[in-house]
1. Along region 160-171, what does the Karplus equation 6.51 cos²θ - 1.76 cosθ + 1.60 (θ = phi - 60°) give for ³J(HN,Hα), rounded to whole Hz, x for Gly and Pro?
2. Apply the a/c threshold of 1.5 to the C-alpha gyration tensor of region 37-130 and tell me whether it is rounded, prolate or oblate.
3. What is the packing order of peptides 60-68, 30-38, taking the mean over residues of other C-beta atoms within 10 Å and listing the highest first?
4. Provide the solvent-accessible area of Lys78, counting protein heavy atoms only and rolling a 1.4 Å probe, rounded to the nearest 10 Å².
5. Could you give the length gained on full extension between Asp130 and Lys148, defined as 0.36 nm per residue of separation minus the Cα-Cα distance, in nm?
Amino acid sequence: MKSLPKSLLVVIVLAILAVGGYLGWSAMDQKPAAPNASFSLLDGKTVDLSSYRGKVVLVNFWATSCTTCVGEMPDMVKTYDALNPKGFDLVAVAMSYDNPSFVRHFAQQRQLPFTVAYDASGQTAKAFKDVRLTPTSFLIDKSGHIVKQYVGSPNFAELHQLIDRLLAQQA
């Protein structure tokens, strides 16, 4: 059996690397679909995440016992107030270990303008990559794909820019 000329072998190896690189780059660009989750609201109603389709939504897992969570709430309110008229929504999901009466009191006292849910069973946190640390937030685009996950408080200026870009896109 005759061996291939070195130049042909180099071309074949480069072609394989180029195709592999393209496929890897394409796979990185794929945004995972948000889970098919439901939120139990403080008033007892249930809302499905799919009802937010067509909007950009931030799902924020938090707890009243989390000082970082409590500290970022004023910025969450400002974000919601500024961007909700453009098609942005926010769901604050209190963790299962939180006290429901504390969550209700906090939401009323702070007059939170966005949807507040309580994850009594922990199923919503499980659906979102088994969230355990708070605050953890997921930014979801209009078509229901997770664009970014934040563990800890986001940089709100950068978050606003990203939300603005997502709001400008078609669903």
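The values are calculated or read from the model by the stated rules, or taken from the named source; none is laboratory data. This structure is a prediction, so every number in the text was calculated from the model and none was measured. Ideal geometry is used to build each Cβ from the backbone, glycine not excepted, and the neighbour counts take in all protein chains shown. Remember, those area values only see protein heavy atoms, side chains included, never the ligands or the DNA or RNA. Shrake-Rupley method; radii C 1.70, N 1.55, O 1.52, S 1.80 Å.
1. 4, 4, 5, 4, 4, 4, 5, 5, 6, 7, 6, 6
2. oblate
3. For the peptides 60-68, 30-38, the packing ranking is 60-68, 30-38.
4. The accessible area of Lys78 comes to roughly 130 Å².
5. 4.9 nm
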